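Each remark here refers to the structure printed beneath this line.
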Amino acid sequence: MDSTISTEEILQERIKELSCLYDVSSVIVQHEESISETLDKICSILKNAWRFSEQSIVELQLENYYYATSAIPQNTVFQKSSIIIFNEENGYVKVHYPSNQFSKDHFLDDEQKLLNKVSSDISVFYERQLNKGKEELLKRSVERADRLSILGEITAGIAHELNTPLGNILGFAEFIRERTKDKQSQLDSDKIIKAAIYSREVVKKLMFFSCEMPQNMKFVKIIPIVSEALSLLGPNFKKAEISYEFDFNDPQLEGQLDSIQLTQVLFNILINAIYVSPRDKVIKVKVYSEESNFIIEIADQGPGIEEAFKSKIFEPFFTTKPIGEGSGLGLSVVHGIVKSHKGDILSIDNVPQGTIFQVRLPLKMM
């Protein structure tokens, strides 16, 4: 088969390529059937755009979807373009010719450019379909992230403003207690000192939320940290008459993190889970890794989180506990620590009842 091409043929090929782009765009815009049917149509359109369309075979693979316009011979020459979904290669589009009739010289450079453009269109189309069901959730997540970011800035400012006067109050109260011999003055000084120490702890929690606390990042084994946290909370589980299950698949799993702060994350989530769990129920803790992250899931069988509260649970001072039973800083501290580790935390409905807190952290800090 002659690979040379005349000026007239070049013009005809440009017209075919432009028609192909128009038809592919129309199919994507007018998409009303299933994803696989739309991709089938794109393959058929693409086949007709190649110079030797009668002999061309289009092959498309995208995750679990696979289609070829006809049977592919054992030996072919082909052009290929990868399909990138959310920055990862998830498939490809190939246009084949039988190698007993054609060589790579029969392909045109502009045909490769066309193939790249169509694979890019497929990527955008497929990502859009995957995102359709998540758009509202994404919108709510962005709004919550913006609100928490603003709260973090305000909180950091408040914490810094309170630190100095609290230090002065504590220092002068201790000075008075040491110098005075009056019993009542000593008792009053003790009350001031206790209140100042409590207030300083609140400030520390606010600084955790705003990611202002210093960290000691080291590579450590994760499973022993989780096991120790569960063990230390053993009396809490026993008192509440509930149990726990701990599931993990890699006892040697390591991550770069502040182990003390991770323990605080575990304590705060587990204590909440124990608080909401009915007697004789089980709290399930699971640790596993995915690519460059590790995930900790803590699932309770409590009443769950009301829809109206889901966007507020990580805000400082928000609590659904009765007055005097919670400061509303536990989950805000968790949120701050997780964010300072470049991670994410989600609350997910447990089925059939309860809540799953999912903490996702990078195995290695960049």
query: For Val118, are the conditions met, namely being touching a helix residue (DSSP H, G or I) at 6+ places or on another chain (Cβ under 6 Å), closer than 20 Å to Glu13 by Cβ and in a helix (DSSP H, G or I)?
result: yes
message: It is to be established whether one or more residues within the range 92-99 are open to solvent by 70 Å² or more (accessible area, probe 1.4 Å), at pLDDT 90 or above and of a type outside the set (Ser, Thr, Tyr).
response: no
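Checking the structure you have, find out if any residue of the range 148-171 is in the same structural domain as Thr38 (by the TED database), over 24 Å from Ile345 (Cβ atoms) and at pLDDT 70 or above.
Taking the range 148-171 as the starting set, the residues that turn out to be in the same structural domain as Thr38 (by the TED database) are none.
Taking every residue of the range 148-171 in turn, none turns out to be in the same structural domain as Thr38 (by the TED database), over 24 Å from Ile345 (Cβ atoms) and at pLDDT 70 or above.
Test Ile298 against the criterion of being open to solvent by less than 30 Å² (accessible area, probe 1.4 Å), part of a strand (DSSP E or B), in contact with a helix residue (DSSP H, G or I) (Cβ under 9 Å, 6 or more places away or on another chain) and assigned by the TED database to the domain that holds Leu346, and give yes or no. Write out each step before concluding.
Details: open to solvent by less than 30 Å² (accessible area, probe 1.4 Å): yes; part of a strand (DSSP E or B): yes; in contact with a helix residue (DSSP H, G or I) (Cβ under 9 Å, 6 or more places away or on another chain): yes; assigned by the TED database to the domain that holds Leu346: yes.
For Ile298, the condition - open to solvent by less than 30 Å² (accessible area, probe 1.4 Å), part of a strand (DSSP E or B), in contact with a helix residue (DSSP H, G or I) (Cβ under 9 Å, 6 or more places away or on another chain) and assigned by the TED database to the domain that holds Leu346 - is met.
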Ile283 crowded, with 21+ Cβ neighbours inside 10 Å and in a strand (DSSP E or B): yes
- request: Looking only at the range 64-74, decide whether some residue is open to solvent by less than 40 Å² (accessible area, probe 1.4 Å) and either more than 29 Å from Arg128 (Cβ to Cβ) or not assigned by the TED database to the domain that holds Phe125 (or both).
  value: no
field: Contacts under 8 angstrom Cβ, first residue in the range 80-107 being farther than 15 Å from Phe52 by Cα, partner charged (D, E, K, R) and not in a strand (DSSP E or B), 6 or more apart
entry: Ile85/Glu63; Ile85/Glu127; Phe86/Glu127; Asn90/Glu63; Gly91/Glu63
field: Neighbours by Cβ (under 7 Å, 6+ apart or cross-chain): first from the range 224-249, touching a residue at least 12 places away in the same chain (Cβ under 8 Å) and assigned to a helix (DSSP H, G or I); second aromatic (Phe, Trp, Tyr) and open to solvent by 70 Å² or more (accessible area, probe 1.4 Å)
entry: Leu230/Tyr244; Phe237/Tyr244
query: Out of the range 100-136, which residues are open to solvent by 20 Å² or more (accessible area, probe 1.4 Å) and of a type in the set (A, V, I, L, M)?
result: Leu108, Val124, Leu130
- request: Please give the number of the condition Gln74 fails out of (1) in contact with an Asp or Glu (Cβ under 9 Å, 6 or more places away or on another chain); (2) of a type outside the set (D, E, K, R); (3) free of Cβ contacts under 8 Å to residues at least 24 places away in the same chain.
  value: (1)
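The values are calculated or read from the model by the stated rules, or taken from the named source; none is laboratory data. What you are looking at is a predicted structure, and each value in this text was computed from that prediction instead of being measured. Positions of Cβ are generated from backbone atoms using ideal geometry, with glycine treated the same way; all protein chains shown enter the neighbour counts. We work out accessible area using only protein heavy atoms, side chains counted, and drop any ligands, DNA or RNA first. Shrake-Rupley method; radii C 1.70, N 1.55, O 1.52, S 1.80 Å.
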